[in-house]
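Derivation of every value follows stated rules applied to the coordinates shown; laboratory data play no part. As the structure is a prediction and not an experimental result, all values here were calculated from the model.
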Amino acid sequence: MTDRMLLAAQPLFVLMWSSAFIAGIIGVGAAPPLLVLFARFTIAGLLLALYARAVGAEWPRGAQLWHVVVAGLLMQIVQFGAFYTAMSEHVSAAVIALVQGLNPVVIALCAGFIGETVSARQWFGFGIGGVGVAVAVIDQSHFSLVGLILCIVGLLGLSIGTVYQKRFVPQVDSRAATAVHVTASAPVAGLLAVAGGQLTVSDPVRFAGSLTWMVLVNSMAAFLLLNAMLRRWDATRVGRLFFATPAVTALLAWALIGEPLRPLTVAGLAIGLIGLVFASRRPAAAPRHPQPVAVR
């Protein structure tokens, strides 16, 4: 893929990533959250495993495999299980996207565990981002304390899973790791769905449509495009694309599923975006000295 194609693909990636929240809400409106997850993980896991094998990705083995499985259960089952259940509690797509966008805040709290540091400017940005979430949540007409707690649990699953993988298996092939994440999560989602009696599909057409979109667009196309960009650009440049996700999600939710765009919601999204932009900036590199210096 050429650089020109990658530049054109950036807005497409943001749209695909944001659409996952819309597809999720449509899915949980047609079937229980854990059943949606089980179906998504089962199909996407198979396709991702076939893809990883086709491109010759190096599979984790032994202790490394177990670490990848643990990270995957946190990032897939805990994150999406909580977020999808929050959707069933009528938490809006925009709020869930904004909460997920605070992932860097939790990772920053664990920075010492993975050998990283956080600047004062980044902490300031994280604080602004938190205010943005609070403003957006206050504006929800169907405020649900359970839904908000579930959003926090989902955020923790994503963040702790990310830190865990970066700490214990930082060099694992991302293509194989993602296939392991999803494949290992499928039977867990299935067992939880059976245990909770979440087996009834109320709207097969909407369920099938949302599932097809989540598997092909969110789990496959967006993932392949993300890897293509990461191979060409540094992670910081790619990471900035996620700052647009909450706002784009809010617009898609308003246009496609009728979620209202209230003034405080828009203000919260704007504040959150400003905070995330601040948080993404790193201090300028210090000038080199002849004597050894600590690596940050």
Rounded, prolate or oblate for region 32-176? Axes are the square roots of the Cα gyration tensor eigenvalues, ordered a ≥ b ≥ c, and the cut-off for rounded is a/c under 1.5.
oblate
Shape of region 169-229 from its Cα gyration tensor (a ≥ b ≥ c, root eigenvalues): rounded if a/c is under 1.5, otherwise prolate when a/b > b/c, or oblate?
oblate
List, in order, the whole-Hz ³J(HN,Hα) value for each residue of region 29-40 obtained from phi through the Karplus relation with A = 6.51, B = -1.76, C = 1.60 and θ = phi - 60°; use x for Gly and Pro.
x, 10, 7, x, x, 6, 5, 4, 4, 4, 5, 5
Please list, in order along region 90-103, the HN-Hα scalar couplings obtained from phi with the Karplus expression 6.51 cos²θ - 1.76 cosθ + 1.60 (θ = phi - 60°), rounded to whole Hz, x for Gly and Pro.
6, 6, 6, 4, 5, 5, 5, 5, 5, 5, 4, x, 7, 3
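Shape of region 1-93 from its Cα gyration tensor (a ≥ b ≥ c, root eigenvalues): rounded if a/c is under 1.5, otherwise prolate when a/b > b/c, or oblate?
Cα axes put region 1-93 in the oblate bin.
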